[in-house]
Structures are given as C-alpha cells and as structure tokens.
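Each remark here refers to the structure printed beneath this line.
The values are calculated or read from the model by the stated rules, or taken from the named source; none is laboratory data. These figures come from a predicted structure and were not determined experimentally. Note that we place each Cβ from the backbone using ideal geometry, even for glycine, and neighbour counts take in every protein chain shown.
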Amino acid sequence: MHYHEGKQKQSEGTAVIVDKETNAKLKVTFFWPFYGKYWIIDLGQDYEFAAVGEPSRDYLWILSRSPDLPDTTYQKILSRLNEQGYQPSKLVKTRQTGAASH
C-alpha cells in the first residue's frame, strides 16, 4: 500500500516461492495468469525492512514495517542495492502516515 498525491492506493497479489532453498525468489501475480519475478535482495534481521527487486533490475522497492526508516539503515540498504547492480538513485520516497490496517 502506498500514497500517491495524498490518496491511498493498494495492490493485492499472490506470491509463490520458486527458490525453496533461500525463500528469496518469488513469482508474484497481480492479474492472473501474468506473473512477475521478484527477488528479496535485502532483509532486516528482525524483518523490519525488505528490499525487493526484479531480476532485470528495472523495478525496486524498499518496504518497511514502520513509517520512519532510520536514515543510517536506509543508506546501508542503498549501498547494498548498488552492490547488487540496482540503481538506488532512481528510488522515490513516498510519504507514510502510519501503520496500514488490514
């Protein structure tokens, strides 16, 4: 879920693990039967954040359990993403207003 121009938007998808050894590679569908490949590139020790990207490196997201990710943590994530061949300079931070309800 994210906010765009002050309006909340939400997408729901279904994920299937394709790498049972690491659980880090998924197939995700938002519109069946079309699947996209998503990799968990970086993950917080307590799952407080996850960086998810596509193998082509065209798409990248940083997801956080809290609306405020500490800047030092964010900078470390960016550094690791860069090492993996992603372009963190293209990321756009979205305004978060609090925890989402289910």
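Some observations on this one:
- Counting only residues that are loosely packed, with under 14 Cβ neighbours inside 10 Å and assigned to a loop (DSSP other than H, G, I, E, B), segment 32-47 holds 5 of them.
- Cross-chain or 6+ apart pairs with Cβ under 6 Å, segment 48-70 first and free of Cβ contacts under 8 Å to residues at least 12 places away in the same chain, then surrounded by 15 or more Cβ atoms within 10 Å (Cβ to Cβ): TRP61/VAL52
- Flag for ASP58 being modelled with pLDDT of 75 or more, more than 15 Å from the chain's Cα centre (by Cα) and either of a type in the set (Gly, Ala, Ser) or loosely packed, with under 13 Cβ neighbours inside 10 Å (or both): no
- Restricting attention to segment 54-88, the residues that are touching a helix residue (DSSP H, G or I) at 6+ places or on another chain (Cβ under 7 Å) and in a loop (DSSP other than H, G, I, E, B) add up to 0.
- In segment 65-74, the residues that are surrounded by 11 or more Cβ atoms within 10 Å (Cβ to Cβ) and at pLDDT 90 or above: PRO70, THR73, TYR74
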